[in-house]
1. Can you tell me how many residues within segment 129-159 are under 19 Å from residue 74 (Cα atoms) and part of a loop (DSSP other than H, G, I, E, B)?
2. How many residues does segment 13-27 contain that are surrounded by 11 or more Cβ atoms within 10 Å (Cβ to Cβ) and outside any helix (DSSP H, G or I)?
3. Collect the residues in segment 151-165 that are among the hydrophobic types (A, V, I, L, M, F, W, C), within 17 Å of residue 123 (Cα to Cα) and out of contact with any Phe, Trp or Tyr (no Cβ under 7 Å at 6 or more places or on another chain), keeping them in residue-number order.
4. Going by what's in this entry, would residue 199 be described as modelled with pLDDT under 95, among the basic types (Lys, Arg) and in contact with a Ser or Thr (Cβ under 7 Å, 6 or more places away or on another chain)?
5. Which ones in segment 30-56 are under 23 Å from residue 87 (Cβ atoms) and among the basic types (Lys, Arg)?
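The values are calculated or read from the model by the stated rules, or taken from the named source; none is laboratory data. Small disclaimer: the values here were computed from a predicted structure and weren't measured. As a convention, Cβ positions derive from the backbone with ideal geometry for all residues, glycine included, and neighbour counts pool all protein chains shown.
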Amino acid sequence: MSDIEQFYSINFDAINRKKEKIKFLVFHYTGMKSEKSAVQRLCNKNSKVSCHYFIKKNGSIINLVPDKYISWHAGISNWKNLKLINKYSIGVEIHNPGHQHGYKNFNKKQINAIKRLSIKLAKKYKLKRKNFLGHSDISPDRKKDPGEKFPWELLSKYRIGIWHSISKKLLKKNRLKKIDNSEKKLFLSYLKKIGYFIKKNKVNSSLYVVKAFQRRFRPQLINGKIDLECLKIAKSLIKSGFN
């Protein structure tokens, strides 16, 4: 994309990755009040964080780390059988104050930039649509970004991520409907097939994972409780190719 500004961060692992090593695109929000401060932090050696691309409030894109290098955006993370997702991914930060500073809707210019960048990277690296993830997907016990206002459903229409095929009417009908323990176990097995990682012997690990799932696929209600709506969404995602 010729309209991408280059402003390089020094925070990356200078290891040349082969194109086939890049399997995921991970979305984040900055979680900071100031856009300028967010860029400075991503370039400050003491912060030890960075990303490959930064999408500004006006929709313009900054390339902070070349794709071939490993940026420091994911931290401690898991997806399916992989750990430390930085090695396999491209990180995209989108300016948004986040949950701590008055979380906002992503604006149209930002969403258009996300679409353009994602489509370009998907083509370049042959990314599977199921491998577009949020930071909370891969680090559910630590992160909430890009959050419940991120337009996953809209983006799925452009093959950026997978969405379920259940009508809003049916979803609402099944919301808060209780399920039995065997159905809850089935739901958790679906989460593992999708890619979520539930840590064994860690208190509340499954609660965080359920909330991450809801934040992405059932943003209307994030309560960490497994109901019939959650079960039906997970089953639909498995059928749609999210496994």
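1. Summing the residues that are under 19 Å from residue 74 (Cα atoms) and part of a loop (DSSP other than H, G, I, E, B) in segment 129-159 gives 11.
2. Filtering segment 13-27 for residues surrounded by 11 or more Cβ atoms within 10 Å (Cβ to Cβ) gives 13, 17, 21-27.
Within this subset, residues satisfying the condition of being outside any helix (DSSP H, G or I) are 13, 17, 22-27.
Qualifying residue count for the region: 8.
3. Across segment 151-165, the qualifying residue is only 155.
4. On the way: modelled with pLDDT under 95: yes; among the basic types (Lys, Arg): yes; in contact with a Ser or Thr (Cβ under 7 Å, 6 or more places away or on another chain): yes.
Answer is yes for this residue.
5. Residues satisfying the conditions are 41, 45, 48.
Here's the yes/no breakdown for (1) in contact with a helix residue (DSSP H, G or I) (Cβ under 9 Å, 6 or more places away or on another chain); (2) assigned to a helix (DSSP H, G or I); (3) not acidic (Asp, Glu):
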| site | (1), (2), (3) |
| --- | --- |
| 172 | yes, yes, yes |
| 177 | yes, no, yes |
| 186 | yes, yes, yes |
| 196 | yes, no, yes |
| 207 | no, yes, yes |
| 215 | yes, yes, yes |
| 225 | yes, no, yes |
| 232 | yes, yes, yes |
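Yes or no, residue by residue, for (1) under 18 Å from the mean Cα position of the chain (by Cα); (2) surrounded by fewer than 19 Cβ atoms within 10 Å (Cβ to Cβ):
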residue: 11; (1), (2): no, no
residue: 38; (1), (2): no, no
residue: 57; (1), (2): no, yes
residue: 73; (1), (2): yes, no
residue: 80; (1), (2): yes, yes
residue: 85; (1), (2): yes, no
residue: 90; (1), (2): yes, no
residue: 106; (1), (2): yes, no
